[in-house]
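Throughout, read-outs are computed from the coordinates displayed, never taken from laboratory work. All of these numbers come straight from a predicted model, not from anything done at the bench. Note that each Cβ is placed from the backbone with ideal geometry, even for glycine, and that neighbours are counted across all protein chains shown.
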Amino acid sequence: MFLGLSDEAIILIIVLLLFTLLILPVILVVKYYRRCPSNKLLVVFGKGVGGGTAKVIHGGAALVWPLIQDYAYLSLEPITVEIDLRGALSKKNIRVAVPSSFTIGIGTVPQVMSNAAERLLGLDERAVHNQAADIIIGQLRLVIATMAIEEINQDREKFLQLVNDNVATELNKIGLEVINVNIRDITDESGYIEAIGKRAASEAINQARVEVAEQEKLGASGEASQNRERVIKVAEEQALATEGKKKAERDQRIAVAKLEAEGRAAEAAAQKNQEVAVAREAAQTDTGKKEADMQRRVQVATYEAQAIDGENTSKAAIAERNATLAEAEAEAKRRGDVARAEAERAVYQKEQELEKARLEKEIIVQEEIDKRRVEIEAEAVAERRRREAKGEADAILMKYEAEAEGLRKVLEAKADGYNKLVAACAERPDIAPTLLLIEKMPELVAEQVKAVQNLKIDKVTVWDGGGNGNGNGKGGTAGFLSSLIGALPPVHELAEQAGVELPGYLGKLRKSEKEGLGKGEV
């Protein structure tokens, strides 16, 4: 006991303390931990948010303490502001209309985010749109007032830069930034911009006409000069062409004669080389299809080189070259045929060896598989028989053990019963066998029934009716005679059944008595 508290109370206090120190802070953190998505700003305001009026978080998370702090979200989605500015006064007091479109949004720079938290928190999109439109219109008028209409119309890049700078500076003060500026068109009420355009168009047209006339003049002068030079050049070229033509004809005749002389020899050599090359390629193509002809290809190339050397030494006579070519062709063809035949023979031998190896492999593997399967099946059968024999032996053993155990218990019970019987008959030991005989009486009767159960018995003869001469009013002699006379019919019947003829002094049974089984007289 601790300070009068029970153990259960102390355990409860410890559990409450652990819950307060460990689990409760976790629950508070899970419940009040706020995450900020990428398209929003999380604004935490209240006590303990830092030096400013609020803590702004972009793409992070913060723990918002209950009661003393609260939070809200600012959307970063773009807002389109359509500005239909009309009658803005330019530097030369000409009123212009500048319809434009501004795309703005809340900035993500720390200072701009703080400004947005201070000035835009709680406002809907419409209110933010109206504030931004007012600022944009004011800054757009200011920029137009500092520029001449010619600058606005001609230097659009400068105009957009000034608009972007001025508008962005003012929008940053309320937490917004400029994403895009689109100036659709610039017009004025007096038509000054249109007149400037017409004047620029007229100047451009006039300048173009002057340039066209100048170019036409230069073109006519150049055309005449070119025509003159063309005529001179044509005449010179015609003269040179005629001279060149004559020289070409002469050179052609000389070259033709020379080429014809060289052509005959070259043609024969080319034809020879072509035919040799064709024969060589054919032989190489045929022999190259087999792996075993690499050495034979070298021999063919050697023979072909020897044939070419022989042909080069016999160029003096075309007929001799043709004969050499025929010999080379025949030799090449013969060697090609020999090489092809040997290659085919080698391939055939390899195929036979592969087929033989494949057959041997398949037969041996199949025989091994069959052998292994037979062994496995034999082992399985033997194991099954061993298990069956063992099971049968175990069953027989258990049966005999159970019978022996039962017999033992029966004998023990009988011994115990006999002991108790003998103990009960201690004063009359002579009645013990009688009791045991009575116990065996059902078995004796059953055995006697079995002995006569198959015998055919038509009649049962009773010798004595059971009377002893007392109480029936007859004396001993009368009873004897009466019993004797009463016993004669059964004796006659018994003799008849046994096939024995009785003496005549025992009388005979009448027919009615035979049928009535001793009911008549003798």
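Computed quantities for the displayed model
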quantity	calculated
Ranked packing of 102-113, 413-424, most packed first, by mean Cβ within 10 Å	102-113, 413-424
Residue 67/residue 33 FRET efficiency (R0 22 Å; Cβ-Cβ; nearest 0.05)	0.85
Residues residue 84 and residue 214, FRET efficiency given R0 of 45 Å [Cβ-Cβ distance, rounded to 0.05]	0.45
Convex hull of region 98-253 built on C-alpha atoms - directionally averaged projected area, nm²	20.6 nm²
Which of 36, 425 has the fewest Cβ neighbours within 10 Å, and the rest in rising order	425, 36
For region 17-169: Kirkwood Rh in Å [reciprocal of mean 1/r, alpha carbons]	18.5 Å
Net length gained if the chain between residue 236 and residue 103 were fully extended (0.36 nm per residue, minus Cα distance)	40.5 nm
Least to most buried among 89, 171 (fewest other Cβ within 10 Å first)	89, 171
For a label point 7 Å along the Cα-to-beta-carbon line of residue 92, residues of region 124-161 with backbone N under 11 Å	148-153
Cβ-based exposure ranking for 101, 114, in which fewest neighbours within 10 Å come first	101, 114
Peptides ranked, highest mean first, by Cβ atoms within 10 Å: ranges 63-73, 334-344	334-344, 63-73
Computed lengthening from residue 133 to residue 413, 0.36 nm per intervening residue step minus Cα-Cα distance	88.9 nm
Computed lengthening from residue 424 to residue 47, 0.36 nm per intervening residue step minus Cα-Cα distance	124.8 nm
Pairwise label distance in nanometres, residue 264 with residue 318, each label 7 Å out on the Cα-Cβ vector	0.6 nm
